[in-house]
Amino acid sequence: MQRYTRREVLEAGLTASAGAVATEKFAALGQAKRGAVDKRAGRSPAAAIMLPRDDDRVLRFAARELERYQNEMHAGQARLEANGAAHRIFIGEARSEAAELSGEVRSLTEDGFVIRTLGPDIAILGKGSRGVLYGCYAFLELQGVRWFAPGRQYEIVPRRRVDWTTRLKVEESPAFPRRLLFYWPNNFTSVVDWIDFCAKARLNRFMFHYTWPARDSYVAQRAELLPELEKRGMEIEAGGIFSRVFCRGRCLRSTRSGFG
């Protein structure tokens, strides 16, 4: 049996006591912070996120993303369809005072978007619901939010309020209609994280190499992946040098030059 000196026992006791005190202090601090958040929750947020009446799944997801990141930046900063807010962020449609924006939206290419300041409010409009989602991410980037790689650990969300005095006039249209990530399960991390990152990087397609092991990986995870793609409006594709797996006969012969 190992023997300890009185000094070692005393030091161990002091360390344990200090740890217990620190734990109690951190617990009390956490309760105080939760109380502060609960207290703020009863107040009107700085901004209300407004959805059109005919909103779809992608627009609802865009609004939730905008709400989540703004509240990570500063608690109580935004809330969906809130009353009494000093500012409004219109998602997918603008007020009648900004009817001229509809012409700008029509001139965009697919997935393009505009961000405009309208008095005390902001409108984020897009060429399609997916364009609105990309516009919401662009607005967050203007506030300093960054996504350097897939996964929450690679996100930068600054602790700050939105500067409503800044006049925004942003317009963006993609140069390429199809923008995809070629996913290979042996080389990448969580496929859900990559789908999320693709939307934030303005990619609109997610491609699997249609052979083993990518095909088996997709089939095994299909029930989880499809909802993640659908709520971002993304499309899924399959292909690769083993395209004969799914493209045979006349299809293969008519596109022989495309296979080398």
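The values are calculated or read from the model by the stated rules, or taken from the named source; none is laboratory data. This is a predicted model, so every value here is computed, not measured. Neighbour counts run over all protein chains shown; Cβ positions are idealised from the backbone, glycine included.
Could you list, in sequence order, the residues of region 119-142 that are surrounded by fewer than 18 Cβ atoms within 10 Å (Cβ to Cβ) and more than 12 Å from the chain's Cα centre (by Cα)?
Scanning region 119-142 gives GLY119, PRO120, LEU142.
Taking interchain pairs and intrachain pairs at least six residues apart, which have beta carbon atoms under 6 angstrom, with the first residue in region 118-144 and within 19 Å of SER173 (Cβ to Cβ) and the second among the aliphatic types (A, V, I, L, M) and in a loop (DSSP other than H, G, I, E, B)?
ALA123/ALA94; LYS127/LEU108
Output the residue which, of all residues in region 75-86 that are touching a residue at least 40 places away in the same chain (Cβ under 8 Å) and surrounded by fewer than 18 Cβ atoms within 10 Å (Cβ to Cβ), is farthest from GLU155 (Cα to Cα).
GLY84
Could you tell me which numbered condition ILE241 fails, if it satisfies all but one of (1) out of contact with any helix residue (DSSP H, G or I) (no Cβ under 6 Å at 6 or more places or on another chain); (2) modelled with pLDDT of 70 or more; (3) of a type in the set (Val, Ile, Thr)?
Here ILE241 meets the rest and fails (2).
When you go through (1) of a type in the set (Ser, Thr, Tyr); (2) modelled with pLDDT under 95; (3) surrounded by 12 or more Cβ atoms within 10 Å (Cβ to Cβ); (4) out of contact with any Leu (no Cβ under 8 Å at 6 or more places or on another chain) one by one for THR165, which number turns out not to apply?
(3)
Identify all residues within region 134-176 that are in a helix (DSSP H, G or I) and among the aliphatic types (A, V, I, L, M); write none if there are none.
Across region 134-176, the qualifying residues are ALA138, LEU140, LEU142.
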